[in-house]
Amino acid sequence: MISILCFFITSLIVADTLKVGYTVLPPHIMEKDGQAYGPAKEYIEMVAASAGHQLQWVKVNIKRIEVMLKNGHIDFHYAFVRTKRRAKKFHFAKTAIAKGSYCFLAHRDDPITFDEIMNSKLIIHKLIGFVVLDSLKKKERDFLEVSGVGHRKKMIEMVINKRLRLAYLPACNLANDIDITKLRVIPIKGSLTNFYFAFSKKVAPTIIASFDKALLDRSRKKMSYSNYFKKINTKKAKIK
């Protein structure tokens with residue numbers, strides 16, 4: 001009788017629909033008619049299905065993601081950089097969903113180097129919610145945050161049009177809709193960063209464990225989101 005009850009409770013947990021918070025961040029997640037779409041959504045849906053869960057996609061203001069996670073208004077977000085501060089507030093999946101390197105962007109005609117950037121007082125624009133890496137902490141006061149739907153593309157276009165000198169973001173955000181021929185990508189040494197699912201502490205440990213297993217299985221099969229995204233872009237390049 002006890003074993004049957006345990007099975008029933010477990011089945012209810014697995015059947016729960018989880019709320020995943022998202023922000024529009026091309027080329028990974030876009031929006032049309034109020035609905036999220038894109039390769040990141042496809043991949044996360046596959047991971048959730050493997051873990052036995054359904055998802056409800058909830059659009060969130062990037063400024064409020066951490067507040068909504070903490071209050072349990074969303075159950076998880078799919079691309080958090082793990083920091084000591086965040087690790088105290090949220091549960092993180094054990095396996096990263098993806099890896100990415102950060103970079104500075106300058107106009108292609110701008111000869112500025114990484115060392116010159118680090119030794120200058122130039123303003124560097126970044127999107128709200130993007131972590132300033134530990135290696136850049138001494139320059140943190142030189143970062144100016146921008147936010148809002150479309151601001152990523154607008155920020156990069158302003159670099160292309162020479163209205164901004166420097167922008168900062170993950171290099172993986174340069175695909176599809178950006179003309180990188182007009183930009184210089186200045187790599188940030190040692191900036192390879194893991195991105196994780198971050199769960200509200202209100203989410204049951206059994207649910208988090210099911211995602212851990214699904215993510216680990218995919219990692220062992222070399223099916224991380226990084227590889228999935230690369231595969232999709234390769235297919236698109238061949239079609240063109």
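The values are calculated or read from the model by the stated rules, or taken from the named source; none is laboratory data. Just so we're clear, the structure is a prediction, and the values are computed from it rather than from any experiment. Glycine also receives a Cβ, built like all others from the backbone with ideal geometry; neighbour counts cover every protein chain displayed. The accessibility values were calculated without ligands, DNA or RNA, using every heavy atom of the protein model including side chains. Shrake-Rupley method; radii C 1.70, N 1.55, O 1.52, S 1.80 Å.
For the chain, the solvent-accessible area works out to 56 Å² per residue, with a probe of 1.4 Å and every protein chain left in place. Evaluated with a Cβ-only charge set (Lys, Arg +1; Asp, Glu -1), the chain carries a dipole of roughly 420 debye about its Cα centre, given to the nearest 20. Taking the accessible area of region 11-73, probe 1.4 Å, and keeping the other protein chains in place, the carbon and sulfur fraction comes to 50%.
Taking Cα centre as origin and charging only the Cβ of basic (Lys, Arg, +1) and acidic (Asp, Glu, -1) residues, the dipole magnitude of region 85-134 rounds to 640 debye.
In the chain, the calculated helix contribution to ellipticity at 222 nm averages -11000 deg cm²/dmol per residue, counting -39,500 (n - 2.57) for every DSSP H run with n ≥ 4. On C-alpha positions alone, give me the angle between the axis of helix 39-51 and the longest principal axis of the chain, in degrees, nearest 10. Roughly 20 degrees, rounded to the nearest 10.
Listed values for region 20-34 are Karplus-derived 3J(HN,Hα) couplings in whole Hz (6.51 cos²θ - 1.76 cosθ + 1.60, θ = phi - 60°), namely 9, x, 9, 10, 5, 9, x, x, 8, 9, 10, 9, 9, 6, x, and x replaces Gly and Pro. Against the main long axis of the alpha-carbon atoms of the chain, helix 2-15 sits at an angle near 30°. Comparing Met30, Thr181, Phe114 along the charge dipole axis of the chain, the residue lying farthest to the positive side is Phe114, per the Cβ-charge model. Within region 109-171, none of the GluC sites (Glu not before Pro) combine a DSSP coil assignment with at most 16 other C-beta atoms in a 10 angstrom radius. Against the chain, whose longest principal axis comes from its Cα atoms, helix 225-239 is set at around 60 degrees.
Could you point to the label whose value was computed as Kirkwood radius over Cα pairs in Å for the structure here, given (i) 19.3; (ii) 22.4; (iii) 18.8? Correct label is (i).
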